[in-house]
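Asks: The structure's right below; bear with me while I get my questions together.
The values are calculated or read from the model by the stated rules, or taken from the named source; none is laboratory data. Since we're looking at a predicted model, the values are computed, not measured. Please note: Cβ atoms are built from the backbone with ideal geometry, for glycine as well, and neighbour counts cover all protein chains shown. All accessible areas refer to the heavy atoms of the entire protein, side chains included, with ligands and DNA or RNA removed. Shrake-Rupley method; radii C 1.70, N 1.55, O 1.52, S 1.80 Å.
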Amino acid sequence: MSLEHQHKLAALHKYISTSSNTTTLMSSKTPLAPCHHVVPFTVVFTLLALAFLLYRIKGTTAMKKELRWLPPGPVGLPIIGSTHRLISNKPVFRWIHRLLKEMNTNIMCLRFGTVHVIVVSCPEIAREVLRKNDAIFASRPITSASGSFSFGYKGSILSPYGEQWKKMRRVLTSEILSTALERRFHGRRAEEADHLVRFVYNRCNTAANSNVDVRHVAQHFCGNMIRRLMFSKRYFVEPSVASAGAGPGPDEVEHVNALFTLLNYVYSFCISDYFPVLRGLDLDGHEKVAHGVMAVLNRLHDPIIEERLHEWSTLRKHGEKREMRDFLDVLVSLEDSEGQPLLSFEEIKAQTAEIMFAIIDNPSNAVEWALAEMVNKPEVMEKAMHELNTVVGKGRLVQESDIPHLNYLKACIREAFRLHPYHSFNPPHVAMKDTTVAGYMIPKDSHVIISRVGLGRNPNIWIDPLEFQPERHLMSCSNVVLTEPDLRFMSFSTGRRGCPGVSLGSSVTMMLFARLLQGFSWTKLPGVQTIELKESITSLALAEPLILQAEPRLPVHLYESM
């Protein structure tokens, strides 16, 4: 701990020891990931003292006035609101959903220090936030993790509203995710789909048994895919010819783990995000985790980016250009009106990291959950296989061009998105001015989060909401898509902060799912009667990775020709 932080704590402890109105707070239980530290009891009092100072500065008149108009919420403590509940209720997202249920409300206000966090859990109010008031809620919060992961808000996804966000958003939508570039890189995506089938096929033929870790396969398919699109390489260090099809190496495993850790920590109710003066003390261990993630990404990404910058600088000096091989080429080659590089090294690093973590979680999680549900429901699996046999057959491998005709498979993925989202909430939207939602006042700088669980499992919207029923998505349209315009569940976010990569994300998800289903018959392990569809304590992922037996079901020449 730095000397400055020691002085901060010493001064605050002195204040506490002389105060006559010390409030007793709940002691913390042993926290679970992503918060691994038990916060010392005295730190809670530190928060009280700190919040008192903030309270004196802000004043009480305006606060009392706005409390009459805020959405319903738990009664918090003076000054700190419900901050102490972040310590005693882990994981926080489950506590928030319990509160929504107990209070029987679709909109709720939690106060952490001076920050109002507005939780929305029904489609109607979600549409009011993301459609009607989209321009007002177009910013992002300033947090310790998001600042680190975006290299000081140099990218597009995590950056607050402003000129930097507009610049990087234009780059992302007009250059990286353009229709023309998606068509150009179709071959790369097809190669990775072939590699997926080849990897599972080799696993069936070379392993002592045909057990397949579906989570491992799905996550590393996404990791391979985005590295190919970003860097033109599947591996950071090319393996020997003999081991080229053996799967990810140590660097690739570390890379994927770092990206998932980033996603788990980026907006995770860190105490110092609501009390910025506490940053650096790392009360809940989040800062240490963020530093570890950035060390991995910098070690693996920087040499590739630096080499490419040097290459394009040399080309510019000689007045030469070459064809774009990947997303990184696009970022590095962009020029401003004076012919100078449009993006700095930090901006390229930030956008590279954001592109990578944006594609890796939802496809792999949805496919793992869908397969788990379908193995438990043979009638659903049978319908999916019948569709593949009818549309594609067994004489060739399913391709991206087949996706528009695979409506039942898309319905299965929609149902996985609805019932089993990877994230409990969408990234926070920050109110840029006072506004009204559902008849309640939402103060400027409030953080609005949409509950994906609240939307997708809402009993007022869905019949038997906890049942996996793909057929429910076939009733209203002839061409099923993975997006949900009415926000009855959330697959891809919408509005100004919406996901610009819907087409790419849909293709990656469906090719992962369709190739696994078409290429192999999936069954439970011997002795397993049913797959336990239990969520992890600390997340919405399956509590244990899905392990199934796979058996090739296509002619041998299709596997051997890849």
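Asks: Hey, among the residues in segment 85-105 that are more than 23 Å from the chain's Cα centre (by Cα) and open to solvent by 20 Å² or more (accessible area, probe 1.4 Å), which one's nearest to ALA438 (Cα to Cα)?
Replies: THR105
Asks: Looking at the structure I just gave you, is VAL556 of a type in the set (Val, Ile, Thr), open to solvent by 60 Å² or more (accessible area, probe 1.4 Å), over 30 Å from ALA358 (Cβ atoms) and without any contact (Cβ under 8 Å) to a residue 40 or more places away in the chain?
Replies: Numbers: of a type in the set (Val, Ile, Thr): yes; open to solvent by 60 Å² or more (accessible area, probe 1.4 Å): yes; over 30 Å from ALA358 (Cβ atoms): yes; without any contact (Cβ under 8 Å) to a residue 40 or more places away in the chain: yes.
Yes.
Asks: Determine, yes or no, whether VAL448 is within 29 Å of LEU158 (Cα to Cα) and of a type in the set (Val, Ile, Thr). Even if it seems obvious, please write down each step before you answer.
Replies: Numbers: within 29 Å of LEU158 (Cα to Cα): yes; of a type in the set (Val, Ile, Thr): yes.
Criteria met by VAL448.
Asks: What's the number of the only condition in (1) over 26 Å from the mean Cα position of the chain (by Cα); (2) at pLDDT 95 or above that GLU373 fails to meet?
Replies: The single condition GLU373 does not satisfy is (1).
One line per residue, one yes/no per condition, for (1) open to solvent by less than 30 Å² (accessible area, probe 1.4 Å); (2) in contact (Cβ under 8 Å) with a residue 12 or more places away in the chain:
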residue	(1), (2)
ARG322	no, no
GLN340	no, no
ILE348	yes, yes
MET356	yes, yes
GLY395	no, yes
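Asks: So which of THR494, THR523 ends up being farther than 17 Å from LEU406 by Cα, open to solvent by 20 Å² or more (accessible area, probe 1.4 Å) and in contact with a strand residue (DSSP E or B) (Cβ under 6 Å, 6 or more places away or on another chain)?
Replies: THR523 is the lone residue from the list that is farther than 17 Å from LEU406 by Cα, open to solvent by 20 Å² or more (accessible area, probe 1.4 Å) and in contact with a strand residue (DSSP E or B) (Cβ under 6 Å, 6 or more places away or on another chain).
Asks: Conditions first: (1) within 18 Å of ARG228 (Cα to Cα); (2) assigned to a helix (DSSP H, G or I); (3) in contact with a Lys or Arg (Cβ under 8 Å, 6 or more places away or on another chain); (4) open to solvent by 20 Å² or more (accessible area, probe 1.4 Å). VAL332 passes all but one, so which condition is the exception?
Replies: (4)
Asks: Being among the small types (Gly, Ala, Ser) and in contact with a helix residue (DSSP H, G or I) (Cβ under 8 Å, 6 or more places away or on another chain): is that true of SER424 here? Step through it out loud before you land on a result.
Replies: On the way: among the small types (Gly, Ala, Ser): yes; in contact with a helix residue (DSSP H, G or I) (Cβ under 8 Å, 6 or more places away or on another chain): yes.
Yes.
Asks: Can you report the number of residues in segment 471-506 which are touching an Asp or Glu at 6+ places or on another chain (Cβ under 7 Å), of a type in the set (Gly, Ala, Ser) and assigned to a helix (DSSP H, G or I)?
Replies: 1
Asks: On to the next question. Right, THR538: surrounded by fewer than 22 Cβ atoms within 10 Å (Cβ to Cβ) and over 16 Å from the mean Cα position of the chain (by Cα) or not?
Replies: Numbers: surrounded by fewer than 22 Cβ atoms within 10 Å (Cβ to Cβ): yes; over 16 Å from the mean Cα position of the chain (by Cα): no.
No, not satisfied.
Asks: Could you pull out every one of the helices (runs of 4 or more DSSP H) wholly within segment 335-417 that has 1 or more residues that are among the acidic types (Asp, Glu) and in contact with a strand residue (DSSP E or B) (Cβ under 9 Å, 6 or more places away or on another chain)? Write out each step before concluding.
Replies: Details: elements: 345-360, 362-376, 378-391.
Of the helices (runs of 4 or more DSSP H) lying wholly inside segment 335-417, those with at least 1 residues that are among the acidic types (Asp, Glu) and in contact with a strand residue (DSSP E or B) (Cβ under 9 Å, 6 or more places away or on another chain) span 362-376.
Asks: From ARG169, ARG189, grab the single residue that is at pLDDT 95 or above, open to solvent by 30 Å² or more (accessible area, probe 1.4 Å) and not acidic (Asp, Glu).
Replies: Values: ARG189 fails: open to solvent by 30 Å² or more (accessible area, probe 1.4 Å).
Only one candidate passes the filter, namely ARG169.
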